[in-house]
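J.: Below you will find the structure I want to go over with you.
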Amino acid sequence: MASALLQIQDLKVEYHTEDGIVTAVDNLSLDLNKGETLGLVGETGAGKTTSALAVMRLVPAPPGKVISGRVLFDGQDLSTLKAEEMRLIRGNRISMIFQDPMTSLNPVMTVGRQIEEAVELHQKMDNKTAKARAGEMLKLVGIPAARAADYPHEFSGGMRQRVGIAMALSCNPELLIADEPTTALDVTIQAQVLELMKRLRTEFGTSMIIITHDLGIVAEACDKVAIMYAGAVVEYGTVESVFNRPLHPYTRGLFGSIPNIAEDVERLTPIPGLMPDPTDLPYGCRFHPRCPMAREICSTQTPAISTPEDGRTVACMIYEGLVPGYDTEEKA
Amino acid sequence: METLLEVRGLKKYFPTKGGLLQAVGGVDFSVKKGETLGIVGESGCGKSTTGRAVCRLVEPTAGEVIFEGEDILAYPKSKMREFRKHMQFIFQDPFASLDPRMSISDIIAEPFDIFRMYKSEREERVLELMRVVGLSRKLVNSFPHELDGGRRQRVGVARALALDPKFIVCDEPVSALDVSIQAQILNLIQDLQDKLGLTYIFISHDLSVVKHISDRVAVMYLGKIVEITDSKTIFQQPEHPYTQALLSAIPIPRYGEKRERIILEGDVPSPIDPPPGCIFASRCKHVMPKCREKAPALTETASGHSTACYLVHDVSEEEE
């Protein structure tokens, strides 16, 4: 197996707001190997975006604050780097695609110039080489190089997102973090973007973290998946194992909630209740108020991370033998 | 089943600086009593405008909307206002569709306050509606900002039910919600239909959701319906090349799902001065010369299955 490119260890991020302290990410540990694509899945407030921002050291402070934890990139602890050193990595060796292609581009700069800026800064290219590079990158994402002279408003949403991807890839990053890269796009345009991302992975061996709420995208584009709930990873494993045998009650609940176009289900089985208040998270297991399997112990004790099989983790007391589990039948 | 609503030749054009924007370029469909017709398509295809035009929330440019035998587009304003009791609307964004300065009870009661109904039993009626949509009665005096998206959408549903309508247009009612909450609202919408015998038009860009909730599905592209049939058939035997591409583009949440994907080149053309001929011709890989000359009509190819494409028509002609 390839070696770890990114290691997140015991990351904890808080937002200190007027309404109280919000623990956005708690005790997060994840590894990403070279050439691998990890899907980070969860609903609003699960801590997906904050985790990504913490890797990039872009958590807005204040109100955000990284309380503890380390992020090792290629063996180097990013939290110990000086701001200037971090700037050499950000946008260069690690880059990010943002959710909203409407707001993540500079509206008063041509798209070509925006890409040139990145390569001039990071790759120390002169303007002429940078221009050529920008044209090359646009072509790679299916935009004619001549359009480098156009401004963002002259592009459609799908094309703007492709510009964002071109910019993110312009410095050949080793790690690409894509935060809901297709959420703002129509499904046929989403298909174009996913296809492009898959091609990049095979051609350049880029490692990726794809943040999404869409399990379909994970099944299609990822190798590993981490399911997050209320700031913590509740289940982690290969896409194959998690999709074929979801272990955590929340993961099972998610699968029961989505209408699947390939299956006929009369009625969905939603997860009861609401996302917890982030300033007042439930004690014990954070999912217990909504969990159909919960027992008393779930409200008093925090579940440890179990490893039911190699490369698979789950944070649920069923797998510690403390709570009765599902019957022998497979997959809810 | 009896037909509740019949739409014929419905058009809605918007004047813009660049020319006439044909948001809805002439659509025909009918909805039977108690059924759900899904309308699906990508942004700018005219699905929301169709829903709004049917309720006259925007005045259609042309066409007929026949509701229980009467063309409601011919109604004068006063009669239309009275008639609105029977057709209601659930909006996409539960954050924008509720007045932030009104309490939940005032929002739910506003429809019958306007029609001067349930005067003496206003509070009971509000609580009854809250119970029906699964809102705790404790929230009766809360304000929208105190509620999360799922609960807000329940308020929107309660308001739509306030006047006992026969027909509701649901415009992307779950698109702004998280998946676990989305499932709760979809179940609620289904349960209400069973209990109250409601008829729905359900508009969404999400084909999985539309397939799940609809009896029949209409696929729209650039202001036109390109295909309409029952929801099973549209997913098993889509006929129009656009429907086929749309279906193949959906990522399926199952491991190892391998399908042939039809990647559409380019973007949707502008609805201002759309080209003559088939609206899909510029992106269609089966395009033939005649597609660029004259638009194919929406034609029934099998019982209850209509498609607007020469490919399908020719095939059916050959077989005859």
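The values are calculated or read from the model by the stated rules, or taken from the named source; none is laboratory data. Quick caveat: nothing in here was measured; it's all calculated off a predicted structure. Every residue, glycine among them, receives a Cβ derived from its backbone with ideal geometry; neighbour counts consider all protein chains shown. Note: accessible area is taken over every heavy atom of the protein model, side chains too, but ligands, DNA and RNA are not part of it. Shrake-Rupley method; radii C 1.70, N 1.55, O 1.52, S 1.80 Å.
J.: Do the conditions hold for residue B:188, that is, is it part of a helix (DSSP H, G or I) and either at pLDDT 95 or above or facing another protein chain (nearest Cβ under 8 Å) (or both)?
T.: Spelling it out, it is not the case that residue B:188 is part of a helix (DSSP H, G or I) and either at pLDDT 95 or above or facing another protein chain (nearest Cβ under 8 Å) (or both).
J.: I would also like to ask the following. Taking the stretch A:274-287 only, how many residues are touching a Pro at 6+ places or on another chain (Cβ under 7 Å) and open to solvent by 40 Å² or more (accessible area, probe 1.4 Å)?
T.: Matching residues across the stretch A:274-287 total 1.
J.: Hey, among A:41, A:59, A:55, A:66, which residue is within 14 Å of chain B (Cβ to nearest Cβ) and buried (at least 16 other Cβ atoms within 10 Å of the Cβ)?
T.: Exactly one of A:41, A:59, A:55, A:66 is within 14 Å of chain B (Cβ to nearest Cβ) and buried (at least 16 other Cβ atoms within 10 Å of the Cβ), namely A:41.
J.: Out of all the residues in the stretch B:24-51, which are part of a helix (DSSP H, G or I), open to solvent by 10 Å² or more (accessible area, probe 1.4 Å) and among the small types (Gly, Ala, Ser)?
T.: Across the stretch B:24-51, the qualifying residue is only B:48.
J.: Determine if the stretch A:172-184 includes at least one residue that is within 12 Å of chain B (Cβ to nearest Cβ), free of Cβ contacts under 8 Å to residues at least 40 places away in the same chain and crowded, with 23+ Cβ neighbours inside 10 Å.
T.: Checked the stretch A:172-184: at least one residue is within 12 Å of chain B (Cβ to nearest Cβ), free of Cβ contacts under 8 Å to residues at least 40 places away in the same chain and crowded, with 23+ Cβ neighbours inside 10 Å.
J.: Now for a different question. Test of understanding: among B:125, B:116, B:152, B:131, which residue is open to solvent by 20 Å² or more (accessible area, probe 1.4 Å) and within 14 Å of chain A (Cβ to nearest Cβ)?
T.: B:152
J.: Let me ask another. Residue by residue through the stretch B:13-32, note down the ones that are under 16 Å from the mean Cα position of the chain (by Cα) and farther than 19 Å from residue B:221 by Cα.
T.: Within the stretch B:13-32, B:31, B:32 meet the criteria.
J.: I would also like to ask the following. State the number of residues belonging to the stretch B:155-180 that are within 14 Å of chain A (Cβ to nearest Cβ), open to solvent by 10 Å² or more (accessible area, probe 1.4 Å) and not in a loop (DSSP other than H, G, I, E, B).
T.: Residues in the stretch B:155-180 being within 14 Å of chain A (Cβ to nearest Cβ), open to solvent by 10 Å² or more (accessible area, probe 1.4 Å) and not in a loop (DSSP other than H, G, I, E, B): 1 in total.
J.: Taking residue B:85, is it of a type in the set (Lys, Arg) and surrounded by 14 or more Cβ atoms within 10 Å (Cβ to Cβ)?
T.: yes
J.: While we're here: Contact list please: Cβ distance under 6 Å, first residue in the stretch A:188-206 and farther than 14 Å from residue A:178 by Cα and open to solvent by less than 10 Å² (accessible area, probe 1.4 Å), second residue β-branched (Val, Ile, Thr) and modelled with pLDDT under 85, pairs at least six apart or on different chains.
T.: Matching pairs, first to second residue: A:191/B:263.
J.: Continuing with the same structure: Are any of the residues in the stretch A:190-206 under 20 Å from residue B:269 (Cα atoms), in a loop (DSSP other than H, G, I, E, B) and within 14 Å of another protein chain (Cβ to nearest Cβ)?
T.: Checked the stretch A:190-206: no residue is under 20 Å from residue B:269 (Cα atoms), in a loop (DSSP other than H, G, I, E, B) and within 14 Å of another protein chain (Cβ to nearest Cβ).
J.: Can you pull out the residues in the stretch B:57-71 that are of a type outside the set (Phe, Trp, Tyr) and open to solvent by less than 50 Å² (accessible area, probe 1.4 Å)?
T.: B:58, B:60, B:62, B:63, B:65, B:66, B:71
J.: Select from the stretch B:139-149 the residues that are within 14 Å of chain A (Cβ to nearest Cβ), assigned to a helix (DSSP H, G or I) and over 27 Å from residue B:41 (Cβ atoms) and list them in ascending order.
T.: Listed by number, the residues that qualify are B:139, B:145, B:146.
J.: Has the stretch B:208-225 got any residue that is open to solvent by 30 Å² or more (accessible area, probe 1.4 Å), at pLDDT 90 or above and assigned to a loop (DSSP other than H, G, I, E, B)?
T.: The answer is yes, given that some residue of the stretch B:208-225 is open to solvent by 30 Å² or more (accessible area, probe 1.4 Å), at pLDDT 90 or above and assigned to a loop (DSSP other than H, G, I, E, B).
J.: Can residue B:229 be described as assigned to a helix (DSSP H, G or I), touching a residue at least 40 places away in the same chain (Cβ under 8 Å), farther than 30 Å from residue A:154 by Cα and more than 12 Å from chain A (Cβ to nearest Cβ)?
T.: So residue B:229 does not fit the description; no.
J.: Then there's this: Kindly establish whether residue A:166 is in a helix (DSSP H, G or I) and either crowded, with 22+ Cβ neighbours inside 10 Å or among the polar types (S, T, N, Q) (or both).
T.: Taking the combined requirement at face value, the residue satisfies it.
J.: For a quick check of your reading of the model, give me the residue pairs whose first member lies in the stretch A:33-49 and is touching a residue at least 24 places away in the same chain (Cβ under 8 Å) and among the charged types (D, E, K, R), whose second is open to solvent by less than 10 Å² (accessible area, probe 1.4 Å) and in a loop (DSSP other than H, G, I, E, B), with beta-carbon atoms closer than 8 Å and at least 6 apart or on different chains.
T.: Hits for this filter: A:48/A:42.
J.: May I ask you to verify whether residue A:149 is open to solvent by less than 10 Å² (accessible area, probe 1.4 Å), among the small types (Gly, Ala, Ser) and more than 26 Å from residue A:191 (Cα to Cα)?
T.: no
J.: Can I ask one more? Please go through the stretch B:1-22 and pick out each residue that is over 25 Å from residue B:193 (Cα atoms) and open to solvent by less than 10 Å² (accessible area, probe 1.4 Å).
T.: Selection gives B:10 alone.
J.: Select from the stretch A:41-63 the residues that are touching a helix residue (DSSP H, G or I) at 6+ places or on another chain (Cβ under 9 Å) and within 22 Å of residue B:148 (Cβ to Cβ) and list them in ascending order.
T.: Within the stretch A:41-63, A:41, A:42, A:43, A:44 qualify.
J.: Filter the stretch A:69-104 down to the residues that are on the phi > 0 side of the Ramachandran plot and either open to solvent by 30 Å² or more (accessible area, probe 1.4 Å) or part of a strand (DSSP E or B) (or both) and list them by number.
T.: Of everything in the stretch A:69-104, those that are on the phi > 0 side of the Ramachandran plot and either open to solvent by 30 Å² or more (accessible area, probe 1.4 Å) or part of a strand (DSSP E or B) (or both) turn out to be A:69, A:74, A:75.
J.: Pull up the stretch B:242-269, narrow it to residues that are without any contact (Cβ under 8 Å) to a residue 24 or more places away in the chain and more than 8 Å from chain A (Cβ to nearest Cβ), then point me to the one that is farthest from the chain's Cα centre (by Cα).
T.: B:258
J.: Further, regarding this structure: Being crowded, with 24+ Cβ neighbours inside 10 Å, part of a strand (DSSP E or B) and among the hydroxyl-bearing types (Ser, Thr, Tyr) is the filter here; which residues of the stretch A:219-268 pass it?
T.: A:229, A:236, listed by residue number.
J.: Further question: Among the residues of the stretch A:303-321, write down those that are open to solvent by less than 20 Å² (accessible area, probe 1.4 Å) and assigned to a strand (DSSP E or B).
T.: Scanning the stretch A:303-321 gives A:306, A:312, A:314.
J.: Still on this structure, please answer the following. Within the stretch B:232-241, take every residue that is within 11 Å of chain A (Cβ to nearest Cβ) and surrounded by fewer than 24 Cβ atoms within 10 Å (Cβ to Cβ) and give me the one that is nearest to residue A:217 (Cα to Cα).
T.: Among those residues, the one meeting the criterion is B:235.
J.: Across the stretch B:1-23, what is the number of residues that are over 21 Å from residue B:70 (Cα atoms) and either assigned to a loop (DSSP other than H, G, I, E, B) or touching an Asp or Glu at 6+ places or on another chain (Cβ under 6 Å) (or both)?
T.: 3
J.: Does residue B:198 count as more than 11 Å from chain A (Cβ to nearest Cβ) and at pLDDT 95 or above?
T.: So residue B:198 fits the description; yes.
J.: Does residue B:304 fit the bill of being away from chain A (no Cβ under 14 Å), modelled with pLDDT of 80 or more and buried (at least 16 other Cβ atoms within 10 Å of the Cβ)?
T.: When the stated conditions are applied, residue B:304 does not pass them.
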